[in-house]
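First up is the structure itself, then whatever we jot down about it.
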Amino acid sequence: MAGCRQLNTCTSITGAGRLSLQRTSTPGGREMEKLTINPMQLQPERLAMAPRCLARTRAGTECQSPVVKGKRRCRMHGGTNPGAPKGNRNAWKHGGRSADAMAAARYLRELARLVSE
Ligand SMILES: [Zn+2]
């Protein structure tokens with residue numbers, strides 16, 4: 001159950017674990033119930049259902065963080081953004097270094113090399 005890791009037992013009132021009735025045992029052995037709203041335990045249901053990273057941690061367990069969209073690992077284990085999407089023109093100046101121009105130049109160099117042999 002997400003959001004109840006540090007406590008012995010807890011019953012979730014809402015599905016997302018925002019508002020929860022927590023039962024804790026004090027060092028004296030008394031059981032206490034308290035209604036808490038812990039912002040650190042806020043988890044939208046979509047995030048709670050997201051696929052989890054299975055990378056092996058140094059502790060030997062699985063990472064369990066949500067994976068990056070379209071990837072199989074979390075942001076800490078290789079799922080980071082590889083760069084701008086294909087076709088992005090945000091830094092386009094003249095196209096002299098575009099994939100098409102570079103491919104054409106490579107083709108011409110190869111032709112020139114074949115001719116000179
Ligand atoms: Zn991970």
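The values are calculated or read from the model by the stated rules, or taken from the named source; none is laboratory data. Just so it is clear, the model here is predicted, and its values are computed rather than measured. With ideal geometry, Cβ positions are generated from the backbone for all residues, glycine too; neighbour counts draw on all protein chains shown.
Quick look at the values:
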| read-out | value |
| --- | --- |
| Subset of segment 57-77 [farther than 24 Å from P44 by Cα and surrounded by 12 or more Cβ atoms within 10 Å (Cβ to Cβ)] | T57 |
| Flag if G95 is in contact with a helix residue (DSSP H, G or I) (Cβ under 7 Å, 6 or more places away or on another chain), assigned to a loop (DSSP other than H, G, I, E, B) and either more than 16 Å from the ligand (Cβ to nearest atom) or not aliphatic (A, V, I, L, M) (or both) | yes |
| Failed condition for D100, given (1) outside any loop (DSSP other than H, G, I, E, B); (2) surrounded by 13 or more Cβ atoms within 10 Å (Cβ to Cβ) | (2) |
| Scan of segment 39-70 for residues that are among the basic types (K, R) and modelled with pLDDT under 85, ordered by number | R46, K69 |
| Considering residues of segment 55-82 that are among the charged types (D, E, K, R) and part of a loop (DSSP other than H, G, I, E, B) only, the residue farthest from the ligand (Cβ to nearest atom) | K69 |
| Contacts under 7 angstrom Cβ, first residue in segment 76-103 being without any contact (Cβ under 8 Å) to a residue 40 or more places away in the chain and more than 30 Å from C63 (Cα to Cα), partner outside any loop (DSSP other than H, G, I, E, B) and among the aliphatic types (A, V, I, L, M), 6 or more apart | G95/A101 |
